[in-house]
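To keep things clear, I will list the structure first and then write my remarks on it.
The values are calculated or read from the model by the stated rules, or taken from the named source; none is laboratory data. Treat the numbers as computed from the prediction; the structure is a model and nothing was measured. Cβ sites come from the backbone with ideal geometry, for glycine too, and all protein chains shown count toward neighbours. Side chains are part of the model used for accessible areas, which takes the heavy atoms of the whole protein and leaves out ligands, DNA and RNA. Shrake-Rupley method; radii C 1.70, N 1.55, O 1.52, S 1.80 Å.
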There are 2 protein chains.
Amino acid sequence: MGKVKKLNKKIKKLKKKLKQGHNHASVSPLAPKGGFPDLPVIDGVEFAAIEAGVRYSGRTDVMLARLCPGTTIAGVFTKSATRSAPVLDCQAKIGGDPAAGAAIVVNSGNANAFTGQNGLKAVNNITAAVAKVLDMPQTRVFSASTGVIGEPLPFDRITTKLADLKTGLSPDRIHDAAAAIMTTDTFAKGASAVVHTDDGDIQIAGIAKGSGMIAPDMATMLVYIFTDAKIDQPLLQEMLSALTGKTFNCITVDSDTSTSDSLLLAATGQSSAREVTDMNGPFFDALHDVMRELSHLVVKDGEGATKFVEVRITGADSNTDAHRVGMSIANSPLVKTAIAGEDPNWGRVVMAVGKSGAQADRDRLSISFGDVLVAENGWVSPNYSEADAAKHMKCDELLISVDLGIGTGKATVWTCDLTHGYIEINADYRS
Amino acid sequence: MGKVKKLNKKIKKLKKKLKQGHNHASVSPLAPKGGFPDLPVIDGVEFAAIEAGVRYSGRTDVMLARLCPGTTIAGVFTKSATRSAPVLDCQAKIGGDPAAGAAIVVNSGNANAFTGQNGLKAVNNITAAVAKVLDMPQTRVFSASTGVIGEPLPFDRITTKLADLKTGLSPDRIHDAAAAIMTTDTFAKGASAVVHTDDGDIQIAGIAKGSGMIAPDMATMLVYIFTDAKIDQPLLQEMLSALTGKTFNCITVDSDTSTSDSLLLAATGQSSAREVTDMNGPFFDALHDVMRELSHLVVKDGEGATKFVEVRITGADSNTDAHRVGMSIANSPLVKTAIAGEDPNWGRVVMAVGKSGAQADRDRLSISFGDVLVAENGWVSPNYSEADAAKHMKCDELLISVDLGIGTGKATVWTCDLTHGYIEINADYRS
């Protein structure tokens, strides 16, 4: 009866599979094939990561970065009315005197958000302890927390590890830092760029975490970007704010905005290159590249994502209108499920344009999937081939272009599809 | 080898089940237990339904209602910028002379939306043909279409059936009409109310369809309400608009707004009761009951829904702010998946309050699930029992209450959970 035994085993296996439901991949199918990139060492920055057992076990969950004296820091943060204690604390500290250097301490597993007076107490304890260990003013210690909302942060688990973290500080541990801040992320995210000048190179390297609750509003999840450029804080802040509008504020996974979104940009001034004084120049462009790449990586690790989608809007009445239409398409559950099903369902794109609140004229609209012109003049294009459109929908990276035919406003935003994986991750356990 | 055969059969069955994925129920688990309600006959209204094969086969897909001379008609419609041809046509006809009566013709299977000049042509052909068959001016024929967007409506399939539809007209066929306008709906929706007066009763009966693409903006899916009240058109319109703000504009299934939302309210004046002349009176209240019930039925048939959720906001700076917070919670994919998972994840409610854009103060917020006070004063309530909250989450009908602790603004909105069923319905085939 070996056959019966075998069949019974098969049944057991199938039943287990059924019980598990749709399994989401352990690593996003959209993750960069080469793994975490080789990031340059940024002169003036050291990193460390450690396992503190804040919530997770068997993995690192706290990162520390030490920045040398003279480092200027710019930041953008969530506009949520229920922002977390560390966000409020960081916002107050941006723009301070760079003479003494700075530090960034981040834990994953617990967001320290909606934790009442305990939240501020935890931030104070952590930043005071870091200041003491690294011998710098508490006003130069920036902190962030990411993970479950509404549970008290066991800050002592972090403070007791600070001496070990200090010992571990090293210029080449940025990958460890990127891994320690992950929550539902399936891969660590990093990006870099270099600016060549006559006096030497300027390096930029950044890391990010984020996978769900992604619809940044003035900032995103947690992002840390480092550069050895010499640059004054006001100009650094101006660049960061301008570029956030074109990168992190143009991505969405699920239209939900975090209580903890924080993006810090630190410039150590250690490069031999001359001080950056122009708003628009090669440094601005390189920073743009790094920020765009990091924001795309967050979408590519969107919870349950199997497709990365660029939504390109042109011909709008204004750039604001274009952004509104783009986000309406990028956030529409019906558009996102059609993409998951590889269905070139342009009717749902029309619907999303219509509900956006932006100025639109049904009969001037044209829509393309990839290179395939789907609709024009308020109806399906005479040359439209559903087979061609369906072929494009099978790609991992999709392009949806909409021309409103009204003005010159334009915007590009990025999103992912909505799959069973998203439901599983968010319905089946508390993240 | 009977055992092997049996086991092989079992394997085949399990494999089939796996392939099908999560099956959504053929009828929503939230459907009224008693089936379609007994609706009163409305004096002055007749209904018919027929199988015209517009897109579906083996079911009725066109309904016709004839309204007696003197019937006043009020309407509210989608605010979508890409609204369908029949919506544009209806909007132009509201407020016309009631002397000749009126007709309403509706098809399912094809929305006649984003169909360019063909869309208007189809509407003209259908309404002209109905006018001819029923001997009334074309300006009194209201039409609607619901189903797939962007495909030309084969209007001749409808016009060739009009003579048969006329023959079938009968005062007691409102249930047939409700069934003919269904698309992804899993049950036909009806509701009624009666107003007793010294001079006789006023009857109100209404039907609705809607299941996905539900985030009405000034109207909802397709809703038809009939009454034998005597009432002038301007007052009827005023009542309808006021009540839409409290009913259909307070529901959401997936935050997506249809191109075709239409709500018509017809008053035949055949009741022996005196003319309705008061805005606020028993007729207004009865109409409110019918509209609220129909709007709830749409949510209860939300695509993939397994939970009906009332979100009650109090203590807001204004009613507008309260509505904004309510909709932010009701549309949040993270809140909706937590509900599907029966997880009292109030941290996600905090997040949704924060992102709403309404005035909010983290430390004045209080949140309850059912009778269980979960959070107050910016943190978890000292008496909170997760077990009690989890028990409430197991109910079919849930209540989430949020007090913002700022002012006196309030609003109540209704939603459903976000499940694998929604993904399946919308990712796996074109609806």
> Given the conditions (1) assigned to a loop (DSSP other than H, G, I, E, B); (2) modelled with pLDDT of 80 or more; (3) touching a helix residue (DSSP H, G or I) at 6+ places or on another chain (Cβ under 7 Å), which single one is not true for B:His22?
Replying inline: (2)
> Restricting attention to segment A:313-356, and to residues there that are more than 8 Å from chain B (Cβ to nearest Cβ) and acidic (Asp, Glu), which single residue is surrounded by the most Cβ atoms within 10 Å (Cβ to Cβ)?
Replying inline: A:Asp321
> In segment A:392-431, how many are more than 13 Å from every other protein chain (Cβ to nearest Cβ) and part of a loop (DSSP other than H, G, I, E, B)?
Replying inline: 5
> B:Leu120 passes all but one of (1) more than 14 Å from every other protein chain (Cβ to nearest Cβ); (2) closer than 18 Å to B:Phe77 by Cβ; which number fails?
Replying inline: (1)
> Applying the selection to segment A:77-93, what residues are open to solvent by 10 Å² or more (accessible area, probe 1.4 Å) and among the β-branched types (Val, Ile, Thr)?
Replying inline: none
> Can you pull out the residues in segment B:125-152 that are assigned to a helix (DSSP H, G or I) and in contact (Cβ under 8 Å) with a residue 24 or more places away in the chain?
Replying inline: B:Asn125, B:Ile126, B:Thr127, B:Ala129, B:Val130, B:Ala131, B:Val133, B:Leu134, B:Thr139, B:Arg140
>> Against the condition in contact with a strand residue (DSSP E or B) (Cβ under 8 Å, 6 or more places away or on another chain), open to solvent by 60 Å² or more (accessible area, probe 1.4 Å) and either of a type outside the set (Ser, Thr, Tyr) or modelled with pLDDT of 95 or more (or both), how does B:Val41 come out, does it pass?
In response: yes
>> Based on this model, can you work out whether B:Glu376 counts as open to solvent by 60 Å² or more (accessible area, probe 1.4 Å) and closer than 20 Å to A:Glu151 by Cα?
In response: no
> Inside segment B:280-302, can you point out the residues that are under 11 Å from B:Lys189 (Cα atoms) and either of a type in the set (D, E, K, R) or more than 14 Å from the chain's Cα centre (by Cα) (or both)?
Replying inline: B:Glu293, B:Lys300, B:Asp301
>> Here is a check on your reading of the model: is B:Asn112 in contact with a helix residue (DSSP H, G or I) (Cβ under 7 Å, 6 or more places away or on another chain) and not in a strand (DSSP E or B)?
In response: yes
>> Yes or no: segment B:67-84 includes at least one residue that is modelled with pLDDT of 90 or more, touching a helix residue (DSSP H, G or I) at 6+ places or on another chain (Cβ under 8 Å) and closer than 15 Å to B:Lys161 by Cβ.
In response: no
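Let me confirm something: among B:Leu169, B:Leu153, B:Leu222, which residue is over 30 Å from A:Glu376 (Cα atoms) and either within 14 Å of chain A (Cβ to nearest Cβ) or open to solvent by less than 30 Å² (accessible area, probe 1.4 Å) (or both)?
Checking each option against the conditions leaves just B:Leu169.
Condition (residue is assigned to a helix (DSSP H, G or I), in contact (Cβ under 8 Å) with a residue 60 or more places away in the chain and of a type in the set (A, V, I, L, M, F, W, C)) applied to segment B:336-359: is it met by at least one residue?
Among the residues of segment B:336-359, at least one is assigned to a helix (DSSP H, G or I), in contact (Cβ under 8 Å) with a residue 60 or more places away in the chain and of a type in the set (A, V, I, L, M, F, W, C), which makes the answer yes.
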> Among B:Ile174, B:Ile225, B:Ile204, which is the only one that is in contact with a Gly (Cβ under 6 Å, 6 or more places away or on another chain) and within 28 Å of B:Ala273 (Cα to Cα)?
Replying inline: B:Ile225
> Just to be sure, is B:Gly212 at pLDDT below 85, at negative phi and touching an Asp or Glu at 6+ places or on another chain (Cβ under 8 Å)?
Replying inline: yes
>> I'd like to verify a number: residues in segment A:248-276 that are crowded, with 24+ Cβ neighbours inside 10 Å and in contact with a Leu (Cβ under 8 Å, 6 or more places away or on another chain), how many?
In response: 11
>> I'm told B:Arg55 meets every condition in (1) within 14 Å of chain A (Cβ to nearest Cβ); (2) touching a helix residue (DSSP H, G or I) at 6+ places or on another chain (Cβ under 8 Å); (3) more than 30 Å from B:Ile231 (Cα to Cα); (4) open to solvent by 10 Å² or more (accessible area, probe 1.4 Å) except one. Can you identify the failing condition by its number?
In response: (2)
>> For segment A:108-117, check the following and say yes or no: at least one residue is open to solvent by 10 Å² or more (accessible area, probe 1.4 Å), at pLDDT below 90 and more than 24 Å from the chain's Cα centre (by Cα).
In response: yes
> Can you name the residue in segment B:357-386 that is more than 34 Å from the chain's Cα centre (by Cα) and away from chain A (no Cβ under 14 Å) and, of all such residues, is farthest from B:Ile329 (Cα to Cα)?
Replying inline: B:Asn383
> Mind checking whether some residue in segment A:283-292 is buried (at least 24 other Cβ atoms within 10 Å of the Cβ), touching a residue at least 40 places away in the same chain (Cβ under 8 Å) and not hydrophobic (A, V, I, L, M, F, W, C)?
Replying inline: no
> For B:Thr314, which of the numbered conditions (1) part of a strand (DSSP E or B); (2) among the β-branched types (Val, Ile, Thr); (3) in contact with a Ser or Thr (Cβ under 6 Å, 6 or more places away or on another chain) fails to hold?
Replying inline: (3)
>> Yes or no: segment A:163-180 includes at least one residue that is of a type in the set (Lys, Arg), part of a loop (DSSP other than H, G, I, E, B) and touching a residue at least 40 places away in the same chain (Cβ under 8 Å).
In response: yes
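If the requirement is being over 24 Å from A:Asn377 (Cβ atoms), assigned to a loop (DSSP other than H, G, I, E, B), of a type in the set (Gly, Ala, Ser) and free of Cβ contacts under 8 Å to residues at least 60 places away in the same chain, which of these qualifies: B:Gly70, B:Gly53, B:Gly58?
Result: B:Gly58 is the single residue among B:Gly70, B:Gly53, B:Gly58 that is over 24 Å from A:Asn377 (Cβ atoms), assigned to a loop (DSSP other than H, G, I, E, B), of a type in the set (Gly, Ala, Ser) and free of Cβ contacts under 8 Å to residues at least 60 places away in the same chain.
What do you reckon, is A:Gly302 at pLDDT below 90, in contact with a Cys (Cβ under 7 Å, 6 or more places away or on another chain) and farther than 15 Å from A:Lys246 by Cα?
Yes; evaluated as a whole, the condition is true for this residue.
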